[in-house]
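Read the structure below first, then the notes.
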């Protein structure tokens, strides 16, 4: 049972996008294994400690999911070792708690933004009221309304649509991106936008809207690789992490499992 629970938690940490549905399903997993909230917190902490400091992205994600799926004061206190581990990686420990809280709030906002976009898509972009889900994510009503208002103003465009627009993007014989008339698209601008949106998505536990993201197992830093590049062949063999100088072999592709919608 312990090994199976560990596998479930690893899936949530590394592959399952953060969403209200993920929080609910994680709560069900704990019920399935007949765990008390304190025991569930202990299982999350144990996995984070086992994976160590090189998996800070996973620790941050599990901290978020655990803090939302578990409600008792004892369980919340039980998650403190993860908070301490994450804060220990910040250069200035005096501001670590504030940075961690800000990061966790950003995860919630990004997850609700995706939830709004998905709900609007299912309703033909006619979504007129703030959907549920913000409560589970730990947002207050004013935050939820502001996110909804912002998304409605931009017609509920997804991250991918923000990058490419609503028209079609094609590739010419040289592998360059062109519009429907064959005119070259500014690859530098497009790739910069892709990178921003991809890293935003990954930091929220979501799959990138385009391209792939690799993570340094040594320090947790992320590298974006567009759909038109290959990490193995387009990055030199002597490539090193810009943060910790770890070799290219330290980078692993992040994989995600899409969350099914009710």
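Structure above, values below:
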item: Meets criteria (more than 23 Å from residue 201 (Cα to Cα) and at pLDDT below 90) for residue 94; result: yes
item: Qualifying position, being closer than 22 Å to residue 4 by Cβ and surrounded by fewer than 17 Cβ atoms within 10 Å (Cβ to Cβ), among 46, 41; result: 46
item: Test result for residue 162, closer than 22 Å to residue 112 by Cβ and at pLDDT below 75; result: yes
item: Among (1) in contact with a strand residue (DSSP E or B) (Cβ under 6 Å, 6 or more places away or on another chain); (2) at pLDDT 80 or above, the one test that residue 169 misses; result: (2)
item: Output for the range 49-58, where each listed residue is in contact (Cβ under 8 Å) with a residue 40 or more places away in the chain and within 17 Å of residue 6 (Cβ to Cβ); result: 55, 58
item: Residue 75 vs. criteria closer than 23 Å to residue 206 by Cα and in contact (Cβ under 8 Å) with a residue 24 or more places away in the chain; result: no
item: Residue 62 vs. criteria in contact (Cβ under 8 Å) with a residue 24 or more places away in the chain, crowded, with 20+ Cβ neighbours inside 10 Å and either in the same structural domain as residue 23 (by TED's automatic domain parsing) or touching a strand residue (DSSP E or B) at 6+ places or on another chain (Cβ under 9 Å) (or both); result: yes
item: Criterion: outside the structural domain of residue 18 (by TED's automatic domain parsing), without any contact (Cβ under 8 Å) to a residue 24 or more places away in the chain, out of contact with any strand residue (DSSP E or B) (no Cβ under 7 Å at 6 or more places or on another chain) and not in a helix (DSSP H, G or I) - qualifying residue of 102, 128, 142; result: 128
item: Residue that is surrounded by the most Cβ atoms within 10 Å (Cβ to Cβ) [pool: residues in the range 105-143 that are at pLDDT below 90 and over 25 Å from residue 202 (Cβ atoms)]; result: 127
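The values are calculated or read from the model by the stated rules, or taken from the named source; none is laboratory data. Quick caveat, the model's predicted, so the values are computed rather than measured. Methodologically, a virtual Cβ is constructed for each residue, glycine included, from the backbone with ideal geometry; neighbour enumeration extends over all protein chains shown.
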